[in-house]
């Protein structure tokens, strides 16, 4: 899927906002697969639409975070969303622990992360 920076950010925000709100409403951990199923969308290979966008700039796409350098979202000063203290890593951890309250809150925070200006 070819994405513009603007489209990737828009879809990123929509997906994470939906995951957060649905998680809090249903009091259970909701993942990205449910987003794709609910709206009949083709599943992407990255963690989110911004990962998908970033991978367009890597000559030999691999998922070892090489594409994170091109992520259009500011993950709090870190280039990698998967770094242990980044929100996505925390979201994944809380999801694995089944802590739906924290999963919902973190997803909503991820949805509102600022855009990186230099990308």
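No lab work stands behind these numbers, since they all come straight from the coordinates. Computed from a prediction, not measured in an experiment: that's the story for all the values here. Heads up, the Cβs are rebuilt from the backbone with ideal geometry, glycines too, and the neighbour counts pull from every protein chain shown.
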Can you give me the distance in nm between label points at residue 38 and residue 26, each placed 7 Å from the Cα along the Cα-to-Cβ direction? 0.7
How many nm is it between the label spots at residue 2 and residue 90, if each spot is 7 Å from the Cα in line with the beta carbon? 3.7
Quick numbers on segment 1-52, Rg and Dmax over C-alpha atoms in Å, give 11.1, 34
